[in-house]
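The values are calculated or read from the model by the stated rules, or taken from the named source; none is laboratory data. Bear in mind the structure is a predicted one, so any value in this text is a computation, not a measurement. Heads up, the Cβs are rebuilt from the backbone with ideal geometry, glycines too, and the neighbour counts pull from every protein chain shown. The protein model used for the area step is the full one, side chains on, heavy atoms only, and it has no ligands, DNA or RNA in it. Shrake-Rupley method; radii C 1.70, N 1.55, O 1.52, S 1.80 Å.
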Amino acid sequence: MIKLDSKGLFIIISGPSGVGKGTICQSLIANNPQIKLSVSATTREKRKGEINGVNYYFLTKEAFEKDIAKGEFLEYAIVHNNEYYGTPKSFVLSELQNGHDIILEIDINGALQIKKQFPNALFIFIMPPTIEELKSRLLKRGTESKEKLVDRFKNAYKEINEIDKYNYVVVNDDLNHAIKKVQAIIDAEKCKVSRIEELDLNTVEEEIHEIIVELKK
Ligand code: 5GP
């Protein structure tokens, strides 16, 4: 009687570095087999423990620029001053077409490019409870030099300043609460009336008519 949009939900998650986006996304994927995470390409250095093709596709600047020229990216941006980050196009488009939901964990510039192409995508911003807390999380992570941390804080300001471009904001003050909220947002989004592809009103009317006739007997 009611058929929902068979295309996947396109979910964009942004937020300052160190806010916990990665952990939230990993949990969503673990709990929702239909959600796939898009692996981005980047020119930044590989961190200890990161695996090519799992965390990122690590490319040289030349290779990245070649892929830009070939139109291989759905969006790309220079993040943290001087490194390219981009979303490979073919994986995302084919997964959405196959009915899978896709998560992109990208910066505001990338999110705005996606919004132009996919105005109906779901844009979620993850906020730290305080800037002090963000600082202590980033220092605890210990993956960046002081110089790189400065870039990350400058970027954090730019990102928070554009929060009105997103549909939802979730404060990550408690990881489990934040995960539950993002999951609830996704679940609600899937129930939107605008995702109905087919609603056979004639059948509904006929069935109701038959019931009324029966009740009146
Ligand atoms: P990190 O270097 O800490 O892994 O990531 C830095 C930031 O780059 C992340 O916070 C994320 O917002 C952004 N980022 C990661 N992948 C992409 C991408 O494919 N496109 C864009 N525009 N930004 C990305």
request  = Give the share of C-alpha pairs in each 10 angstrom bin for the range 67-217, from 0 to the last occupied bin, in whole percents, shortest bins first.
outcome  = 8, 27, 30, 17, 8, 6, 4, 1, 0
ask   = What list of ³J(HN,Hα) values in whole Hz, one per residue of the range 92-107 in order, does the Karplus curve 6.51 cos²θ - 1.76 cosθ + 1.60 (θ = phi - 60°) give from phi, with Gly and Pro shown as x?
value = 4, 5, 6, 5, 4, 4, 7, x, 7, 8, 10, 10, 10, 10, 9, 7
inquiry  = Whole-Hz ³J(HN,Hα) for each residue in the range 131-148, computed from phi via Karplus 6.51 cos²θ - 1.76 cosθ + 1.60 with θ = phi - 60°, x for glycine and proline: what do you get?
reply    = 5, 4, 5, 4, 4, 5, 5, 5, 5, 5, 4, x, 9, 10, 6, 4, 4, 5
ask   = To the nearest 10 square angstrom, how much accessible area does Lys181 have with a 1.4 angstrom probe?
value = 100 Å²
task = Kindly report the accessible area of the chain per residue (heavy atoms of protein chains, probe 1.4 Å, no ligands, DNA or RNA), in Å².
result = 60 Å²
inquiry  = Compute the distance from the alpha-carbon center of the range 33-112 to that of the range 185-217, in whole Å.
reply    = 41 Å
task = Roll a 1.4 angstrom probe over the protein heavy atoms and tell me the percent of accessible area of the range 55-149 that is carbon or sulfur.
result = 51 percent
key: Sparse-neighbour loop sites [trypsin sites (Lys or Arg not before Pro); the range 8-57; at most 12 other C-beta within 10 Å; DSSP]   = Lys46, Arg47, Lys48
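Send over the Kirkwood Rh of the range 155-217, from the inverse of the averaged 1/r over different Cα pairs, rounded to one decimal Å.
16.1 Å
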inquiry  = Let me check I have the definition right: for the range 13-90, take the eigenvalues of the Cα gyration tensor, multiply each by 5, take square roots. What are those semi-axes in whole Å, largest first?
reply    = 22, 15, 12
